[in-house]
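I have placed the structure first, in the form of structure tokens, so that the comments after it can refer back to it.
The values are calculated or read from the model by the stated rules, or taken from the named source; none is laboratory data. As the structure is a prediction and not an experimental result, all values here were calculated from the model. Cβ atoms come from the backbone with ideal geometry, glycine included; neighbour counts cover every protein chain shown.
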Amino acid sequence: MLQTMTPLRLAQRMSRLGTETAFEVLVRARALEAKGKDIVHLEIGEPDFDTPQNVIEAGVKALKGGFTHYGPSAGLPQLRQTIADYIAKTRNVPVAPEEVVVVPGGKPVMFFVILALVEEGDEVIYPNPGFPIYESMINFVGGKAVPIQLKEEMDFRFDVAEFKKLITDRTKLVILNSPHNPTGGVLTEKDVRDIAAAIGDRDIMVLSDEIYSRLVFEGSHHSIMSLDGWKDRTILLDGFSKTYAMTGWRIGYGVMRADLATAVSRLQTNSNSCTASFTQMAGVEALTGNQSSVDKMNAEFRRRRDRMVEGLNKIKGFSCRMPHGAFYVFPNITKTGWSSKKLADAILEEAGVACLSGTAFGKYGEGYLRLSVANSIENINKALERIDAWANKNL
Ligand SMILES: Cc1ncc(COP(=O)(O)O)c(C=O)c1O
């Protein structure tokens, strides 16, 4: 008997939840491939390299050695200690294992921290264009999303004068992301100091998304957590996905004051219970083992970035700044006269190159595209040739 389903009564809050377009474009690109079309994939933000061999072996050894059970919600003690040591060394602050929460990826840090801190009506300042999950989660919990526009003429760094104007009595949280997705912008030491000074001694916390901290091509990485007095006001988000090409292992971590770490661990108990135990043992090896694969991947990303920027700047209607970190380029396409979304769609369907509209990263992404350089030089060359041919024909 054919049954008619009753209308689904989703909770109201679901209407406020956004998404990450990269996954949708990937599905569309795969559908075109299934119809026989050849697509160059420059849409998704993950290294095309394999996880380093030593890390895979540590994961396999852990699986065979019985790390197949539940572990503590906040993470295995050996990994929390390893992360505490690593952050202490790289950010130059003392860190205790109780201040570390291990979660399945960098994303859950955003999810849990925003759930734990942001009340209805609280304002959260976040970069726009920026990683779409920030805005999505702020809206989801009923907070007020306050975008700070990252401008091309400032190399997509923070305009601190404008930032100051956005801070109000309702500001609860500020989100920073350096190196930055999607623009490749990198905050300088002075930027970080100026941002801290602008916040001053107001009761505001900072979620500092540093997932690309090891992918800086010019200059070096600076964390607000390293500044005097900022350790307890910063929630540092970092992880393994990008640095060690471990996106599918699902592991990341947050470093935060111990009382907040306890609250975040409770959210973990209520959702994932814990991060996979063998994955965590692979994480210990990633941070303590040989780092040469990280250096190799970074050298290759830089070479590809250079090629991509050079090629894009020769295409009609495109102009592209040199990003200083992460593995994306963010060309300005306003001179094409096309909107970002329409152009990204046409490039996918007619030129066979999957990339993202700048608007997938918020309203200030209009006028830009994001292309990932996490693909081979051969494929990057192929993509450049295709876009060039398409532009010559259509613009
Ligand atoms: C800025 C930023 N933060 C966090 C993440 C999430 O990483 P993970 O795959 O570890 O959840 C990403 C992934 O694309 C990212 O670009």
Quiz prompt | Looking only at the stretch 67-79, and only at residues there that are buried (at least 24 other Cβ atoms within 10 Å of the Cβ) and on the phi < 0 side of the Ramachandran plot, the one that is farthest from the ligand (Cβ to nearest atom) | solution = Ala74
Quiz item: Residues Gly142, Gly105: which one is within 19 Å of the chain's Cα centre (by Cα), at pLDDT 95 or above and either within 13 Å of the ligand (Cβ to nearest atom) or surrounded by fewer than 17 Cβ atoms within 10 Å (Cβ to Cβ) (or both)?
Solution: Gly105
Quiz item: Hey, among the residues in the stretch 27-50 that are crowded, with 17+ Cβ neighbours inside 10 Å and within 13 Å of the ligand (Cβ to nearest atom), which one's nearest to Asp295 (Cα to Cα)?
Solution: Pro47
Exercise. For residues that are charged (D, E, K, R) and within 11 Å of the ligand (Cβ to nearest atom), tally how many sit in the stretch 174-222.
Key: 2
Quiz item: Are there any pairs with C-beta distances below 8 angstrom linking a residue in the stretch 383-395 that is free of Cβ contacts under 8 Å to residues at least 40 places away in the same chain to a residue that is in a helix (DSSP H, G or I), with the two at least 6 apart or on different chains, and if so which?
Solution: Ala389/Ala351
Quiz item: Which one of these is within 16 Å of the ligand (Cβ to nearest atom), farther than 30 Å from Ala299 by Cα and exposed (fewer than 12 other Cβ atoms within 10 Å of the Cβ): Thr4, Thr19?
Solution: Thr19
Quiz item: Which one of these does Tyr134 not meet: (1) part of a helix (DSSP H, G or I); (2) more than 16 Å from the ligand (Cβ to nearest atom)?
Solution: (2)
Exercise. Go through the stretch 113-131 and give me each residue that's within 15 Å of the ligand (Cβ to nearest atom) and either of a type in the set (Gly, Ala, Ser) or not in a loop (DSSP other than H, G, I, E, B) (or both).
Key: Val113, Ile114, Tyr126, Pro127, Asn128, Gly130
Quiz item: When you scan the stretch 284-296, how many residues do you find that are outside any loop (DSSP other than H, G, I, E, B), away from the ligand (no atom under 16 Å from the Cβ) and surrounded by 15 or more Cβ atoms within 10 Å (Cβ to Cβ)?
Solution: 3
Self-check item: Tally of residues being within 16 Å of Pro104 (Cβ to Cβ) and in a loop (DSSP other than H, G, I, E, B) across the stretch 246-273
Solution: 6
Quiz item: So Met281 fits all but one of (1) in a helix (DSSP H, G or I); (2) within 13 Å of the ligand (Cβ to nearest atom); what number is the exception?
Solution: (2)
Quiz prompt | Residue satisfying all of: in the stretch 145-154; of a type outside the set (Lys, Arg) and either in a loop (DSSP other than H, G, I, E, B) or touching a strand residue (DSSP E or B) at 6+ places or on another chain (Cβ under 8 Å) (or both); nearest to the ligand (Cβ to nearest atom) among these | solution = Leu150
Quiz item: Does at least one position in the stretch 158-171 carry a residue that is among the hydroxyl-bearing types (Ser, Thr, Tyr) and free of Cβ contacts under 8 Å to residues at least 40 places away in the same chain?
Solution: no
Quiz item: Counting just the residues of the stretch 297-339 that are of a type in the set (S, T, N, Q), under 19 Å from Thr359 (Cβ atoms) and in a helix (DSSP H, G or I), which one comes out nearest to the chain's Cα centre (by Cα)?
Solution: Thr334
